[in-house]
Amino acid sequence: MAAVVVDGKAAAQRIRAEVRERVRLLREKGLIPCLGVILVGEDPASLSYVTAKAKALEEAGMTSRDLRLPADTGEDALLAHIAGLNRDPAVQGILVQLPLPSHIREDRVISAIDPRKDVDGFHPVSVGNLVLGKPGFVPCTPQGVAALLREMNVPIAGAHVVVVGRSNIVGKPLVNLLSRRDFNATVTLCHTGTRDLAAYTRQADILIAAAGKAGLITADMIREGAAVIDVGVNRVPDPAAKKGYRLKGDVDFEGAVERASVITPVPGGVGPMTIAMLLRNLAQAAEDWGAGGSKALGDKSPGDKSP
Ligand code: NAD
């Protein structure tokens, strides 16, 4: 039986409606959430992401402060812009669009963001909080994946989740998030050093592909009835397409749809959820700000101490 194809756009719309309501309450108190967005250079994909984010913010009743900097901007100049946004009380969230030009050290830039405004969840403090099971900002794509699984009523507790890809923005935070006690999955992380990838993917109740390799996951690598989440967004040349390329996921969709029970399409699956989660993180940052500082970071809970 063919899998249920997840409508990521519809799920994202539901989350965006919740965010709009939270923003309405904030605006009643005189606080309009604002995201400081820094884009260095003119990478077309980055430009289109930034434009999509600005549109989504506006629809949610939030605003953005866009800084478009030339590709030859120096690292120190960029750090000075971040310091300005850190100090600005009208800005509650900061997003530096990645990737940055190669002469700029990404880790230095991310570490310069005030963790209370780290709505991307990439700052080492946010990463630490995630690992410790403490409240804090969780990166948007992993949060979107978890929310989609919940939307689809896919049982996560006790399930074997196999994640393919160990990036700092998708794979690693997914492993940390889904192994936390509130999700309680058993998680296996596969990467380029994994011998016999298929031997692992075939054991997955939930298979999450985030490798950035079109068609890497074929039908024979999927356990019958598994839930398959395709994070990959790959441009594959297609002369018949208007833009000369088509977007494809990491999963061979046509084959996988016959084996999985639930599957996300590309586009229209995880992508829309990522933006929705950014809006949610900004609403959280603004609420915490309005409450006089970050609740998340001021939290004194002992963290997730589950054995
Ligand atoms: P990345 O290139 O930083 O990391 C990819 C990871 O996959 C690496 O850790 C590597 O070890 C692993 N990998 C690559 N080839 C492999 C193979 N053959 N076998 C096993 N592991 C392999 O990429 P990323 O930033 O994590 O993004 C991954 C994909 O997800 C990309 O296609 C990206 O465009 C997409 N993405 C989508 C969204 C979204 O919102 N939908 C958000 C972020 C990234």
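Coordinate-derived values only; no laboratory data. Keep in mind that what you see is a predicted model, and the values were worked out from it rather than measured. Here the Cβ positions follow ideal geometry from the backbone for every residue, glycine too, while neighbour counts run over all protein chains shown.
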Proportion of all alpha-carbon pairs of the stretch 110-260 beyond 18 Å (%) = 59 percent
Over the chain, what is the relative contact order in whole percent, taking alpha-carbon pairs under 8 Å and six or more residues apart?
-> 23 percent
For PRO237, the net charge from surrounding residues (Cβ-Cβ under 12 Å; K, R +1; D, E -1) works out to +3
Cα shape, the stretch 44-92, gyration tensor, a/c 1.5 rule = oblate
Helix axis angle, 270-290 relative to the chain longest principal axis, alpha carbon, degrees = 30 degrees
Mean shadow area of the stretch 97-149, taken as a quarter of the surface of its Cα convex hull (nm²) | 4.2 nm²
re the stretch 129-213: pairs of Cα atoms spaced beyond 23 Å account for a percent value of 16 percent
Computed P(r) (all Cα pairs; the stretch 1-152; 10 Å bins; percent) = 10, 34, 37, 16, 3, 0
At 10 °C in a medium of viscosity 1.306 mPa s, the stretch 250-290 has a Stokes-Einstein diffusion coefficient, with Rh taken as the Kirkwood radius over alpha carbon pairs, in µm² per second, of 128 µm²/s
By the Cα gyration tensor axes a ≥ b ≥ c (a/c under 1.5 gives rounded; else a/b larger than b/c gives prolate, otherwise oblate), the shape of the chain is prolate
Take every Cα pair under 8 Å in the stretch 86-214 that's 6+ residues apart, average their separations, divide by the length, and report that relative contact order as a whole percent.
-> 20 percent
Output ordering of 234-246, 149-161 (per-residue mean of other Cβ within 10 Å, highest first) is 149-161, 234-246
Mean projected area (nm²) of the alpha-carbon convex hull when the stretch 156-200 is viewed from all directions = 3.1 nm²
How large is ³J(HN,Hα) for each residue in the stretch 190-199, as worked out from phi by the Karplus curve 6.51 cos²θ - 1.76 cosθ + 1.60 (θ = phi - 60°), to whole Hz, x for Gly and Pro?
-> 10, 7, 5, x, 6, 8, 6, 3, 4, 4
Once the mean of 1/r over all distinct C-alpha pairs in the stretch 83-186 is inverted, the Kirkwood radius in Å reads 14.8 Å
Using alpha-carbon positions, the gyration tensor of the stretch 59-138 gives root eigenvalues a ≥ b ≥ c; with a/c under 1.5 called rounded, otherwise prolate if a/b exceeds b/c, else oblate, the class is oblate
Among ASP88, ASP76, ASP250, rank each residue by its count of other Cβ atoms within 10 Å, from fewest to most, as a rough exposure measure.
-> ASP76, ASP88, ASP250
Tell me, what is the Rg over Rh of the stretch 19-77, with Rh the Kirkwood radius over Cα pairs?
-> 1.10
Amide H of THR63: which non-local residues (sequence gap of 5 or more, or other chain) have their own amide H closer than 5 Å, using H built in the peptide plane?
-> CYS34, LEU35
For a quick protection proxy, order the peptides 263-273, 27-37 by their average other-Cβ count within 10 Å, most packed first.
-> 263-273, 27-37
Considering only DSSP states other than H, G, I, E and B, which chymotrypsin sites (Phe, Trp or Tyr not before Pro) in the stretch 128-218 qualify as loop sites with at most 12 other Cβ atoms within 10 Å?
-> none
Based on Cα positions only, what radius of gyration and what Dmax would you give for the stretch 190-242, in angstroms?
-> 12.8, 39
